[in-house]
Amino acid sequence: MSVYQITLPDGKSKDLEAGKSFSDFILAQMPFLKEKALAVVLSDGRTVDLSYTPAQNESVRFLTFEEKEGKEVFHHSSAHLLGMAVQRLWPNARLTVGPVIENGPGFFFYDIDFGDTILSPEDLPKIEEEMGKIVKEDLVVKRWELSKADAIQKFKSENEPYKVELIQGFDAESVSLYGQGEWYDLCRGPHVARTGQLKAFKLTAISGAYWKGDAKNKQLTRIYGVSFPSKKQLDEYIFLIEEAKKRDHRKIGKELDLFSFQEEAPGFPFWHPKGTVLWNTLAEYIREECFRRGYQEIKTPTILNSSLWKRSGHWDNFKENMYFTEIDESDFAVKPMNCPGCSLVYKYHMHSYRELPLRFMELGTVHRHEMSGVLHGLFRVRAFTQDDAHIYAPLDKVESEVEDIIDFTFQVYKKFGFSEFKTFIATRPEKSQGSDEDWNAATQALIDALNKKGIEYGIKEGEGAFYGPKIEFNIKDSLGRHWQCGTVQIDFSMPNRFELDYTAADGKKHTPVMIHRAIYGSLERFIGILIEHFEGKFPLWLNPTQIRVVTVAETHNDYAKDVVSDLTNKGFRVEVDLRNEKIGSKIRDSILKRVNYIVILGDKERDSHSVSFRRMGEEKTETISRDGFLTLLKGEL
């Protein structure tokens, strides 16, 4: 009897009898994975079904729902569950594609041609009920292959024109199908072993979509869904979605009058007075922190000649995201990034090794062309300001600079109350510039810096910038969501392209390494994250309106004006409500404005030269002297 060695990630090997599948292996050797394992990654990097029968020794990694790849398998299988339920209920419905997605109203969707039937949200519970029946049937999921010609003939005979069109576009000689019970679909997989694993799901939305995204083609019905291995996970997700709706930065931004978007400039935010205070507070904080670390601030033009962008590589690698104009019959571009302009500032002077590392910071506004369909409040805009910095350093100083940036980044995030992070290294993309030697050296410098700091990290293959690898910092918000914000990127290419140099200790000219660094990433996006993280209830130092003074009656207005003047002169951001309204109504309005302190002034406060106040989120009212209130505020700051 032949036996293969199956090596697990911990280096231990276990036996598998030849002809047996990975499902058999789990049952015999790792039964605790029976319900958790979804697919398996082989030695050559392929991801296959658990029904796969190996023909040699293998080093493997079993995927569960905890890994991103495992979630993709689970959600793709859930799309098949949806497709099967739909065709049981509407046998004449024609399926098109059902992919997994990262951003949208679900984790997966299926585009379906219902013919003359018009589906509505009221139909979704009926589909969910049928999906539940299929889960209870616990059908085995099977895979098989057909020649391209046989597959075309099969789907033609079953009146599945979309599948035929897809297959005709394939280059392969054969195609794979996946089936469960009486139903099957064209798919390359992999999929879960049984429908019974897809225990918890919910259909979340319905919309229209054109076949292949082309408005000239037929409009289809798109059904979105989410799914989890357990009902508890689904319930937690639904709770978070409802909580996220309450915290939507677009909703709160409107309520607090922070920003708006106008038809005259789609995708370009308009900052209102309070929003501008918030924006400036973030800018001033990061500026002060940079100055403490030896950065010098610069400002570079918004529009630069096309020759600059060709020299930097953006013309070849980023052109589709840029805006262009013509000046004096020459081509110019609106800057999508700040780095080329910064390099011209560096190049303007001669530099010695004694000056390096040279740290330039710039709160630079950039413009990037985004498709209208992906615009999303402050999270995806066409104009935004980066808290950019570019550091020019000798090669032997790069690692220590990266270490300092890591410390700086985490200090900033902790200032805003973020304490949990995920860190990644993004490696060379397919569309890039520079030598393999430089890319390898740059990537290793990032790895070494993170290792020295004892920071765990993942790898994002092929997701680096076109000019260099990068570290990506992800912050975890109060709802447990992760947001990619800061980056550190090492760039050997641009200094060479711009012929940047410095005089080394040996008297010779050397080329510096350029480190690109951002901590917020984009002030606009970071503000959107903060709005949702705090639910608009900002800490005192950050809040555009820190204090709101309300009066019990008109006879207290003069005293209120004196209190407001005093607080404003001390540097606090204060509003006053002198309306002839009931005090209860004024307090309710102040609570909705999410101010840190509501100051209530009546006869007692006026006569005793004191103030009564409520803290944000509290109903208790305290009375204190005006000097005592100032001391309290300063202490909190």
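The values are calculated or read from the model by the stated rules, or taken from the named source; none is laboratory data. Keep in mind that what you see is a predicted model, and the values were worked out from it rather than measured. Ideal geometry is used to build each Cβ from the backbone, glycine not excepted, and the neighbour counts take in all protein chains shown. With ligands, DNA and RNA removed, areas are computed over all heavy atoms of the protein, side chains included. Shrake-Rupley method; radii C 1.70, N 1.55, O 1.52, S 1.80 Å.
Work out the length of the dipole vector of the chain about its Cα centre, built from +1 on the beta-carbon of each Lys and Arg and -1 on the beta-carbon of each Asp and Glu, and round it to the nearest 20 debye. Present the calculation step by step, with values, prior to reporting the outcome.
Numbers: 86 positive and 97 negative charges, 182 e Å.
In total the dipole reaches around 880 debye.
Can you give the alpha-carbon Rg of region 438-488 over 2.2 N^0.38 Å, where N counts its residues? Can you show the working numbers first?
Details: Rg = 12.2 Å, N = 51, 2.2 N^0.38 = 9.8 Å.
My calculation over the Cα atoms of region 438-488 gives 1.25.
How many percent of all Cα-Cα pairs in region 410-450 sit more than 14 Å apart? Could the numbers behind the result be given before it?
Numbers: 498 of 820 pairs.
In whole percent, the share of Cα-Cα pairs in region 410-450 beyond 14 Å is 61.
For region 290-312 and region 563-637, what is the centre-to-centre distance using only Cα atoms, to the nearest Å?
About 44 Å separates the Cα centre of region 290-312 from the one of region 563-637.
For region 500-594, what does the convex hull of the Cα positions come to per residue, in cubic angstrom? Can you show the working numbers first?
Working: hull volume 14.9 nm³, N = 95.
Cα convex hull per residue, to the nearest whole number: 157 Å³.
Of all the C-alpha pairs in region 100-181, what % are more than 21 Å from each other?
Details: 1720 of 3321 pairs.
Pairs farther apart than 21 Å: 52 percent.
Under the √(5λ) rule applied to the eigenvalues of the Cα gyration tensor, what semi-axes describe the equivalent ellipsoid of region 129-243? Give them in Å, descending.
Working: eigenvalues 178, 88, 27 Å².
Largest first, region 129-243 gives 30, 21, 12 Å.
Which one, Leu146, Gly45, Ala283, is farthest towards the positive end of the dipole of the chain when Lys and Arg carry +1 and Asp and Glu -1 on their Cβ?
Ala283
So what's the back-of-envelope 222 nm ellipticity for the chain, counting only DSSP H runs of four-plus at -39500 (n - 2.57) apiece and dividing by all residues, rounded to 500? Don't jump to the answer; show the numbers that get you there.
Numbers: 19 runs with 218 residues, N = 637.
Taken over the chain, the calculation gives -10500 deg cm²/dmol.
With every protein chain present, what is the per residue accessible area of the chain (1.4 Å probe, Å²)? Kindly include the intermediate steps, with their values, before the conclusion.
Working: 30650 Å² over 637 residues.
Value returned for the chain: 48 Å² of accessible area per residue.
What aspartates and glutamates could a cross-link reach from Lys68, if we take a straight Cα to Cα line under 15 Å and drop same-chain neighbours fewer than 8 places away?
Partners within reach: Glu102, Glu461.
Heavy atoms only, probe 1.4 angstrom, no DNA, RNA or ligands counted: give me His349, His367, His390 ranked by accessible area, highest first.
Working: His349 115, His367 45, His390 5 Å².
Highest to lowest solvent-accessible surface, that is His349, His367, His390.
What nm value, rounded to one decimal, do you get for the distance between Gln5 and Lys476 when each label is placed 7 Å out toward the C-beta?
3.8 nm
Say a paramagnetic label sat at a point 7 Å from the Cα of Phe268, along Cα to Cβ; which residues of region 301-331 have their backbone N under 18 Å from it?
Answer for this model: 301-304, 321-327.
Kindly report, to the nearest 10 Å², the accessible surface of Lys431 as traced by a 1.4 Å probe over protein heavy atoms only.
110 Å²
After finding the eigenvalues of the alpha carbon gyration tensor for region 3-144, what semi-axes result from the square roots of 5 times each, listed largest first in whole Å?
On the way: eigenvalues 251, 46, 34 Å².
In descending order, the three semi-axes are 35, 15, 13 Å.
Once you keep just the Cα pairs under 8 angstrom separated by 6 or more residues, what percentage relative contact order results for region 503-637?
Numbers: 160 pairs, mean separation 29.1, N = 135.
Across region 503-637, relative contact order equals 22 percent.
Using Cα atoms only, what is the angle between the long axis of helix 68-89 and the major principal axis of the chain, expressed in degrees (0 to 90) to the nearest 10?
That helix lies at roughly 60 degrees to the long axis.
If contacts are Cα pairs under 8 angstrom and at least 6 residues apart, what is the relative contact order of the chain in percent?
8 percent
If you take the Cα Rg of region 205-320 and divide it by 2.2 N^0.38 Å, with N the number of residues, what do you get? Mind dumping the intermediate values first?
On the way: Rg = 22.5 Å, N = 116, 2.2 N^0.38 = 13.4 Å.
Relative to the rule-of-thumb radius for its length, region 205-320 sits at 1.68.
Could you state the per residue volume, in Å³, of the convex hull enclosing the Cα atoms of region 26-82? Kindly include the intermediate steps, with their values, before the conclusion.
Details: hull volume 5.4 nm³, N = 57.
Dividing the Cα hull volume of region 26-82 by its residues yields 94 Å³.
With a 1.4 Å probe and all protein chains kept in place, how do Glu437, Glu243, Glu554 rank by accessible area, largest first? Can you show the working numbers first?
Values: Glu437 145, Glu243 25, Glu554 110 Å².
The residues order as Glu437, Glu554, Glu243, largest area first.
Pairs to check: Lys71/Lys231; Lys274/Lys593; Lys335/Lys422. Give those whose C-alpha atoms are more than 21 Å from each other in this structure.
Values: Lys71/Lys231 16 Å; Lys274/Lys593 11 Å; Lys335/Lys422 30 Å.
Among Lys71/Lys231; Lys274/Lys593; Lys335/Lys422, the Cα-Cα distance tops 21 Å for Lys335/Lys422.
Please state the relative contact order of region 276-413 as a whole percent: Cα pairs under 8 Å, 6+ residues apart? Intermediate results must be reported in sequence, preceding the final value.
Values: 150 pairs, mean separation 33.0, N = 138.
About 24 percent, as a whole number.
Between the helical axis of 523-534 and the dominant principal axis of the chain, each derived from Cα atoms, what acute angle in degrees is found, rounded to the nearest 10?
Around 90 degrees separate the two axes.
How much of the calculated P(r) for region 556-623 lies past 19 Å, in percent of all Cα pairs?
30 percent
Tell me, what is the Rg over Rh of region 187-265, with Rh the Kirkwood radius over Cα pairs? Let's see the in-between values first.
Working: Rg = 18.6 Å, Rh = 16.6 Å.
My calculation puts Rg/Rh at 1.12.
Please list, short to long, the whole-number percent of alpha-carbon pairs of region 317-449 in consecutive 10 angstrom bins beginning at zero.
Taking all Cα pairs of region 317-449, the binned fractions are 9, 26, 40, 21, 4, 0 percent.
When the dipole is taken about the Cα centre of region 543-588, and only Lys, Arg (+1) and Asp, Glu (-1) are charged at their Cβ, what size is it in debye, to the nearest 20? Each step should come with its number before you reach the end.
On the way: 8 positive and 7 negative charges, 48 e Å.
Around 220 debye, computed over region 543-588.
Multiplying the sequence separation of Asn496 and Leu375 by 0.36 nm and subtracting their Cα-Cα distance, what value in nm do you get?
On the way: separation 121, 0.36 × 121 = 43.56 nm, distance 3.52 nm.
Between Asn496 and Leu375, full extension yields 40.0 nm more.
Ignoring ligands, DNA and RNA, what percent of the 1.4 Å accessible area of region 360-457 is carbon and sulfur? All intermediate terms of the calculation are to be shown ahead of the outcome.
Working: 1980 of 4400 Å².
Carbon and sulfur together cover 45 percent of it.
Pop out the ³J(HN,Hα) list for region 503-516 in order, Karplus 6.51 cos²θ - 1.76 cosθ + 1.60 with θ = phi - 60°, rounded to Hz; leave Gly and Pro as x.
8, 7, 4, 7, x, 9, 7, 10, 9, x, 8, 9, 10, 8
Not counting ligands, DNA or RNA, and with a 1.4 Å probe, what is Asp627's accessible surface area in Å² rounded to the nearest 10?
Only protein atoms counted, so the area is about 110 Å².
With a 1.4 Å probe and all protein chains kept in place, how do Phe261, Phe32 rank by accessible area, largest first?
Values: Phe261 80, Phe32 140 Å².
The ranking, largest first, comes out as Phe32, Phe261.
Between Ile624 and Asp15, what length in nm is gained on full extension when 0.36 nm per residue of separation is reduced by their alpha carbon distance? It would help to have the intermediate numbers written out before the result.
Values: separation 609, 0.36 × 609 = 219.24 nm, distance 7.57 nm.
Length gained, Ile624 through Asp15: 211.7 nm.
With Cα extents along the principal axes in Å in mind, check [x] 92, 76, 58; [y] 88, 65, 64; [z] 99, 75, 52 and report the label derived from this structure.
Matching entry in [x] 92, 76, 58; [y] 88, 65, 64; [z] 99, 75, 52: [x].
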